[in-house]
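Here's the structure we're looking at; comments come further down.
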Amino acid sequence: MVNKILPIILKVGLAILLLYALYHYGLLDLEVIYTLSFDSRTVMLMLTTLLLILFVVIIVSVRIWYLLSLIDFKLTLLEVTKVNLSSMCLGLTLPGMVGTDAIRATYFCLRERDRKIDVFTAMVVDRLAGIFALLTISSVAVIVDRVSGLGVVKEIYMLPILAIFLSTTFVFIFLASGLFQSSRLFSSIYNILPNFVQLIASALRTYIASPKGVLVCLGLSMMSQAATITSFVVVGMILKDNLPTLAHYVINPMALCFNAIPLTPGGIGFTESAFAFLYSTAGSDNGAVISLLGRLNQSLVYVLVGVPALFFLDWTVLKKVEDESRANLE
């Protein structure tokens, strides 16, 4: 029991410590929030952020359903949406975005217990698509800034972002091309991998080798991530932050990637630290506040749509597994 509770205590403690450090060193200036005037402009912008987040929730549900349908997983879009909404709500108490994925995967595995590898692979592809979309958006923003001559993006961001994007794109193209299998070196490495790793790699190639599937998944990911970043841009407008809009689309994707690192519940404190550092290098002191307010808006939407979804979820799936386990014991 202690072994289960201790990691949670440590992660909550780390989140509190990080937030306190940000506040202590003036990187989390809550006074900015207190000075907000809740006029019609502020209310409209707040409603805009909530609608953007709701749009993201819907698009992510469609993306997960589409990925599962590509491998003939018999689930309706409505059921996948209920699972996704529930996982986003419950995931607020778990470490990073990994906790949300774990909830989804657990439910889907309970639906079809002999397809755990397929479910795990679909969740991995979903996460990779989201991260690749962030890299794509950031790279496009860098190129637009350079081509247009606006000069709002710092030189320090350009080379690393483009290098990561190009190298990641090369890896995906290499896997999709089939050279991985035909190459003697890589095939020999593949053959010595554990069986479950080979199964996952094989399933990944199935997704990547489908041009239509890749394009649809990437398109949905681009839509969801662009809406997420825009919600933070709107929060910056509420706070009257001085960071140029284009710079948000370069910096926010990098900061959002830190939310996937499972160090604190919901990435609290850790993500705010990333926002604070990256925004400060771009000339803004409101990074941590924008992150905190933006993520509080996300949490509000997740609770509002997630709690009702929990009541409409098919809990007979869990009862079925429990009955099967009891029968096996008898």
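The values are calculated or read from the model by the stated rules, or taken from the named source; none is laboratory data. The structure presented is a predicted model; accordingly, all values stated were derived computationally and were not measured. Ideal geometry is used to build each Cβ from the backbone, glycine not excepted, and the neighbour counts take in all protein chains shown.
Brief remarks on what is shown
- Contact map, the stretch 24-40: first residue more than 16 Å from Ala274 (Cα to Cα), second residue polar (S, T, N, Q), Cβ cut-off under 9 Å, separation 6 or more or different chains; pairs are Val32/Asn286; Leu36/Thr42.
- Any pair with Cβ under 9 angstrom, 6 or more apart, that starts in the stretch 214-231 at a residue that is on the phi < 0 side of the Ramachandran plot and surrounded by 24 or more Cβ atoms within 10 Å (Cβ to Cβ) and ends at one that is outside any helix (DSSP H, G or I) and among the aromatic types (Phe, Trp, Tyr): none
- Qualifying residue in the stretch 46-69 (condition: touching a residue at least 60 places away in the same chain (Cβ under 8 Å), polar (S, T, N, Q) and not in a loop (DSSP other than H, G, I, E, B)): yes
- Criterion: in contact with a helix residue (DSSP H, G or I) (Cβ under 9 Å, 6 or more places away or on another chain), surrounded by fewer than 20 Cβ atoms within 10 Å (Cβ to Cβ) and at pLDDT below 90 - qualifying residue of Thr48, Thr76, Thr100: Thr76
- Residue count for the stretch 285-297 under the criterion of being part of a helix (DSSP H, G or I), of a type in the set (S, T, N, Q) and buried (at least 23 other Cβ atoms within 10 Å of the Cβ): the result is 1.
- Test: residue in the stretch 37-44 that is outside any loop (DSSP other than H, G, I, E, B) and at pLDDT 90 or above: yes
- Flag set for Val235, criterion: under 19 Å from Thr49 (Cβ atoms), in a helix (DSSP H, G or I) and among the hydrophobic types (A, V, I, L, M, F, W, C).
- Residues in the stretch 205-226 that are more than 14 Å from the chain's Cα centre (by Cα), aliphatic (A, V, I, L, M) and assigned to a helix (DSSP H, G or I): 4 in all.
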